[in-house]
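So the structure is just underneath, and the comments pick up after that.
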Amino acid sequence: MTRIGFIGLGRMGLPMVRHLVQAGHAVRACDVSPAAQEAARGTGAEVHATPAEAVADAEFVVSMVPTGRHVLDIHTGPAGTLEGVPAGCTVIDCSTIAVAEARALHEAGRQKGIAVLDAPVSGGVMGAEAGTLTFMVGGAPSDLDRARPILEAMGRNIFHAGAAGNGQAAKICNNLLAGISMIAVSEAYTLAKRLGLDPATMRDIVSTATGSCHALVSYPPVPGLLPNVPSSRGYRNGFAADLMLKDLRLAEGAAMDTGSSLPLGTLAASIYSLFCGAGAGDLDYSGVIRMIEGEETAAAVP
Ligand code: NAD
């Protein structure tokens with residue numbers, strides 16, 4: 001049994017805590033929101049209101065909070081966890097944050113002698129609930145070896161992406177591609193429909209041709225082509241367009257930091273920004289097809 005302090009009991013964190021408890025670990029969980037604390041009662045984790053209480057004797061600290069600002073406050077702020085964790089503890093941040101912020105956390109840990117891993121995830125809420133998340137991990141291989149049993153309790157695929165911050169680099173490059181390709185696939189399905197080509201027939205053909213990709217084959221934005229994708233349930237319970245926009249903004253920031261240009265990524269961010277600005281930010285990002293079809297408002301999304 002390993003002692004784990006877990007910070008952030010939201011849509012992702014709560015099911016991750018359940019899997020850690022089921023795997024036999026002693027989890028002290030914390031969230032600033034009373035509603036999230038309430039939801040965590042009954043999971044088998046001890047519930048606390050502050051990170052300091054949750055991490056006091058932890059061997060591992062896992063954080064799953066919205067942004068890099070939250071992550072740096074929690075770990076490196078005046079009452080941050082790096083001040084309170086015992087020697088030998090490993091901090092694993094699973095939130096999606098900027099590469100530069102992740103590297104700042106690694107550096108703060110190094111100065112205190114605390115091992116840090118950036119370990120953002122792919123798989124969404126469904127993956128968190130099923131315990132099948134993919135972890136993309138940046139940091140020292142020996143630190144990952146120690147943390148592997150903890151990550152394996154919550155996920156199926158654990159990749160070492162390289163040195164500090166490279167987990168976040170892998171995550172934002174993946175989502176850059178996913179965000180752009182969803183728009184491209186939406187344009188192709190919309191044009192096909194207007195040309196009288198049945199979307200199912202198009203999917204069958206293109207899935208064996210050079211335009212094939214994940215968004216077209218396995219995550220189609222057109223309702224009814226596959227039963228278990230967000231488009232077939234009114235674009236609910238998927239990967240929120242707001243989060244896709246956040247990740248594209250992180251990619252834009254990384255491009256600025258490295259002198260790279262992302263012409264398509266920048267355009268994709270503008271398109272999701274319009275979609276979210278129309279009130280559709282809670283919907284799955286594949287709902288962007290409705291805007292491309294000419295349905296400009298969230299009200300047009302079923
Ligand atoms: P969420 O908003 O549902 O949950 C975040 C939780 O963190 C909230 O309950 C909030 O109260 C808590 N929190 C914020 N500041 C805190 C603090 N100082 N101390 C303790 N708790 C604090 O968010 P989520 O959907 O669970 O996402 C978490 C992270 O995972 C984000 O970085 C997101 O980009 C990433 N992510 C989300 C998904 C998804 O599908 N939801 C998929 C992949 C990655």
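The values are calculated or read from the model by the stated rules, or taken from the named source; none is laboratory data. This one's a predicted model, so the numbers in the text were calculated from it and none came from an experiment. So basically every Cβ, Gly included, is an ideal-geometry build from the backbone, and we count neighbours across all protein chains shown. These area figures cover heavy atoms from the full protein model, side chains too; ligands, DNA and RNA do not enter into them. Shrake-Rupley method; radii C 1.70, N 1.55, O 1.52, S 1.80 Å.
Sort out which residues of the range 1-27 are surrounded by 20 or more Cβ atoms within 10 Å (Cβ to Cβ), small (Gly, Ala, Ser) and either more than 10 Å from the ligand (Cβ to nearest atom) or assigned to a loop (DSSP other than H, G, I, E, B) (or both), and write them in order of number.
Result: Gly5, Gly8.
Working carefully through the options Leu176, Leu191, find the one that is within 30 Å of Leu117 (Cβ to Cβ), assigned to a helix (DSSP H, G or I) and of a type in the set (A, V, I, L, M).
Leu176
Filter the range 5-61 down to residues that are farther than 19 Å from Met126 by Cα and not small (Gly, Ala, Ser), then give me how many there are.
Qualifying residue count for the region: 23.
For Asp257, only one of the following conditions fails: (1) at pLDDT 95 or above; (2) within 14 Å of the ligand (Cβ to nearest atom); (3) over 19 Å from Glu187 (Cα atoms); (4) not hydrophobic (A, V, I, L, M, F, W, C). What is its number?
(2)
What pairs come up if the first residue lies in the range 66-80 and is more than 23 Å from Gly113 (Cβ to Cβ), the second is surrounded by 15 or more Cβ atoms within 10 Å (Cβ to Cβ) and of a type in the set (Lys, Arg), and their beta carbons are under 8 Å apart, counting only those six or more places apart or on different chains?
Thr67/Lys246
Quick grid of which residues meet (1) away from the ligand (no atom under 16 Å from the Cβ); (2) on the phi > 0 side of the Ramachandran plot:
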| site | (1), (2) |
| --- | --- |
| Val85 | no, no |
| Cys94 | no, no |
| Leu105 | no, no |
| Gly113 | yes, yes |
| Leu117 | no, no |
| Gly127 | no, no |
| Gly131 | no, yes |
| Phe135 | no, no |
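Determine which member of the set Ser218, Ser231 is under 23 Å from the mean Cα position of the chain (by Cα), among the hydroxyl-bearing types (Ser, Thr, Tyr) and open to solvent by less than 40 Å² (accessible area, probe 1.4 Å).
Ser231
Only one of (1) under 20 Å from the mean Cα position of the chain (by Cα); (2) buried (at least 19 other Cβ atoms within 10 Å of the Cβ) fails for Asp242. Which number is that?
Result: Asp242 fails condition (2) only.
Can you tell me which of Leu264, Leu274 is in the same structural domain as Pro223 (by TED's automatic domain parsing), closer than 28 Å to Ala100 by Cβ, surrounded by fewer than 16 Cβ atoms within 10 Å (Cβ to Cβ) and in contact (Cβ under 8 Å) with a residue 40 or more places away in the chain?
Leu264
Just a yes or no: is a residue in the range 57-72 within 14 Å of the ligand (Cβ to nearest atom), open to solvent by less than 40 Å² (accessible area, probe 1.4 Å) and assigned to a helix (DSSP H, G or I)?
Yes.
Of the residues that make up the range 28-42, is at least one β-branched (Val, Ile, Thr) and open to solvent by less than 60 Å² (accessible area, probe 1.4 Å)?
No, because not a single residue in the range 28-42 is β-branched (Val, Ile, Thr) and open to solvent by less than 60 Å² (accessible area, probe 1.4 Å).
In the list Gly109, Gly167, Gly139, which residue meets the criterion of being surrounded by 20 or more Cβ atoms within 10 Å (Cβ to Cβ) and at positive phi?
Gly139
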